[in-house]
Structures are given as structure tokens and as C-alpha cells.
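Participant: One structure coming up, written as C-alpha cells, with questions to follow.
The values are calculated or read from the model by the stated rules, or taken from the named source; none is laboratory data. Everything quoted here is computed from the prediction, not taken from an experiment. Here the Cβ is made from the backbone with ideal geometry for all residues, glycine too, and neighbour counts use every protein chain on show.
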Amino acid sequence: MSTQQATKNLSVVMPCYNEVGTVLACVDAVLQSVFVCELIIVDDGSTDGTRDLLAGISDQRVRVILHDANGGKGAALRTGFSHAQAEYVIVQDADLEYDPADYGRILAPLMAGKADVVFGSRFQGSDAHRVFFFWHSVGNKILTLVSNMFTNLNLTDMETCYKCFKREVIQSLQLKENRFGIEPELTGKIAAGRWKVYEVGISYSGRSYDEGKKIGWKDGVRAMYCIIKYCPLLERRRNK
């Protein structure tokens with residue numbers, strides 16, 4: 001999609017917890033996108049100086065919301081989603097693993113009227129990917145496979161950060177998970193709603209635990225539980 005075709009129709013929701021080393025660079029990258037009309041940063045109880053950096057941001061497109069205590073990524077996303085005002089809403093982690101330069105290709109199926117939700121896949125396409133963590137990749141693929149079995153979707157990367165929604169879709173969901181279980185919960189509830197889902201390849205620059213990666217094996221166990229808990233069949237029964 002060319003810059004000439006771009007319209008500022010995207011709300012970016014950025015959950016943030018102790019990202020003093022990367023958050024400002026990530027904010028700058030987001031605001032360089034020609035699609036972004038607002039960036040909603042939800043600081044989830046940071047204690048490392050991140051809040052001081054956020055207090056210095058003067059760009060009028062940026063809104064900073066502070067949680068008194070750390071509630072987890074899911075809790076931060078619920079807050080951010082409720083404040084989004086643009087036509088489309090995307091999740092952006094506050095590190096540098098995902099590149100906002102990919103927003104255009106993610107938005108393309110939505111803006112063409114083909115999709116209600118778009119997942120950005122780290123395992124699709126020919127873009128550059130930092131080589132990291134074999135077992136982490138295996139875990140992601142297992143979770144995606146099991147999620148696909150329960151949702152009847154054919155995703156390659158259920159655990160991706162880059163999920164982009166029509167605003168009315170994401171704001172219609174009653175989300176409950178506080179931590180990384182939010183990813184299978186979102187996927188299950190999107191499938192239960194029978195929304196049109198597309199997937200596009202994205203670039204990825206994963207970081208190590210020494211560099212600040214926070215997800216661990218316990219989150220993987222919770223994700224497996226959430227795949228079952230929020231499977232579309234159960235969701236439809238609950239919503240009757």
C-alpha cells in the first residue's frame with residue numbers, strides 16, 4: 001500500500017512494563033507510520049524509570065494510561081482497547097521485536113473490506129527474522145496447532161503480538177485473561193464470533209531473556225489451558 005493511499009485510521013495499543021531501554025525507540029517507530037492517528041500506552045506498574053520517560057512524551061497523538069500495579073499484558077490490553085477511537089486497532093509491544101513498518105501490509109486486508117481481523121505471522125513470508133530459541137519456536141507452533149484444532153482456524157502463529165482488528169470487533173469482546181493467556185483467549189473469541197480472519201507475513205527480531213523477554217514456560221501452560229477454556233464451542237454456549 002503506497003503512502004499516497006495511506007489514511008490515519010489506526011489506534012495502536014501498547015502494553016508496557018519495565019521497558020526503559022526500548023520504549024522511546026518503539027514509540028518513535030510507531031509514530032513514524034503514516035497510518036497511526038493515536039498511540040495508547042498502558043504502563044502496567046513499571047518500576048524501572050519507564051514512567052519518567054513516558055511523562056516526557058509531548059506528541060499529541062500519544063495517550064499514557066497508568067496502572068497502579070502490575071496486572072499483566074491482558075489487563076493492560078483491556079484498558080487500551082476500551083480507549084481506542086480509530087477505525088482499526090493493533091497491538092504493539094513496547095520492545096523492538098515487531099516492526100511498525102509492517103502496519104501497511106497488516107491493514108491491507110482490512111481496508112480492502114476482506115477481513116475483520118488480521119494476524120501478523122512470524123512464520124510466514126520471506127522477511128528478515130532474527131534466529132533465536134528453537135524450543136520457544138517449537139512451543140509456539142504446538143500452541144498454534146492445538147489452537148487450530150479447537151478453533152478450526154488455519155493460523156501459523158496464534159501467539160503473535162501483531163493482531164489487528166476492526167474497532168467494533170475488539171470492543172465487542174468481553175476479555176478476562178490478565179497475562180499472556182490473552183492471546184489464545186482473543187483467538188478463541190474471534191473464532192467463536194465467526195469473524196473473517198486473514199494472516200500476513202511480518203518481520204521479527206526476537207530478543208533474549210537477558211534483553212528483557214518476559215514470557216516463560218508457565219505462560220505456555222496457561223495458554224494451553226486457555227485454548228480449551230475459550231474454545232468456540234464453549235464460548236457460543238456461554239453467550240446463549
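Participant: Filter the range 85-110 down to the residues that are of a type in the set (A, V, I, L, M) and crowded, with 20+ Cβ neighbours inside 10 Å, then identify the one that is farthest from THR50 (Cα to Cα).
Facilitator: LEU110
Participant: Assigned to a strand (DSSP E or B) and either among the β-branched types (Val, Ile, Thr) or on the phi < 0 side of the Ramachandran plot (or both): is that true of GLY120 in this structure?
Facilitator: yes
Participant: In the set LEU54, LEU77, which member is buried (at least 19 other Cβ atoms within 10 Å of the Cβ) and either modelled with pLDDT under 95 or over 19 Å from the mean Cα position of the chain (by Cα) (or both)?
Facilitator: LEU54
Participant: Out of curiosity, is TYR98 of a type in the set (Ser, Thr, Tyr), assigned to a loop (DSSP other than H, G, I, E, B) and over 23 Å from TYR225 (Cα atoms)?
Facilitator: yes
Participant: Can ASP59 be described as among the acidic types (Asp, Glu), under 30 Å from GLY45 (Cα atoms), at pLDDT below 95 and assigned to a loop (DSSP other than H, G, I, E, B)?
Facilitator: no
Participant: Which of (1) in contact with a strand residue (DSSP E or B) (Cβ under 8 Å, 6 or more places away or on another chain); (2) in contact (Cβ under 8 Å) with a residue 24 or more places away in the chain; (3) surrounded by fewer than 16 Cβ atoms within 10 Å (Cβ to Cβ) is the odd one out, the single condition HIS67 does not satisfy?
Facilitator: For HIS67, the exception is condition (3).
Participant: Scan the range 201-228 for residues that are within 15 Å of ARG179 (Cα to Cα) and at pLDDT 85 or above and report the count. Show your work before the answer.
Facilitator: So the first thing to find is which residues in the range 201-228 are within 15 Å of ARG179 (Cα to Cα), and the list is 213-227.
Still in the running and at pLDDT 85 or above: 221-227.
Residues in the range 201-228 being within 15 Å of ARG179 (Cα to Cα) and at pLDDT 85 or above: 7 in total.
Participant: Do you know which of the residues in the range 177-200 that are of a type in the set (Lys, Arg) and free of Cβ contacts under 8 Å to residues at least 60 places away in the same chain is nearest to PRO109 (Cα to Cα)?
Facilitator: As a first pass, look at the range 177-200 and keep what is of a type in the set (Lys, Arg): 179, 189, 194, 196.
Keeping just the survivors that are free of Cβ contacts under 8 Å to residues at least 60 places away in the same chain gives 189, 194.
Values: LYS189: 20, ARG194: 16 Å.
The extreme case among them is ARG194.
Participant: Another question, if that's okay. Failed condition for GLN32, given (1) free of Cβ contacts under 8 Å to residues at least 60 places away in the same chain; (2) surrounded by fewer than 18 Cβ atoms within 10 Å (Cβ to Cβ); (3) under 26 Å from GLU168 (Cα atoms), with all others met?
Facilitator: Status for GLN32: all satisfied but (1).
Participant: Next up: Taking the range 12-28, which residues are crowded, with 18+ Cβ neighbours inside 10 Å and in a helix (DSSP H, G or I)?
Facilitator: VAL23, CYS26, VAL27
Participant: Regarding the range 71-88, can at least one residue be identified that is more than 13 Å from SER11 (Cα to Cα), without any contact (Cβ under 8 Å) to a residue 60 or more places away in the chain and of a type in the set (A, V, I, L, M, F, W, C)?
Facilitator: No, every residue in the range 71-88 fails to be more than 13 Å from SER11 (Cα to Cα), without any contact (Cβ under 8 Å) to a residue 60 or more places away in the chain and of a type in the set (A, V, I, L, M, F, W, C).
Conditions (1) closer than 21 Å to LYS163 by Cα; (2) of a type outside the set (A, V, I, L, M, F, W, C); (3) in contact with a Pro (Cβ under 7 Å, 6 or more places away or on another chain), marked per residue:
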| residue | (1), (2), (3) |
| --- | --- |
| THR7 | yes, yes, no |
| PRO15 | yes, yes, no |
| LEU24 | no, no, no |
| ASP28 | yes, yes, no |
| LEU39 | yes, no, no |
| GLN60 | no, yes, no |
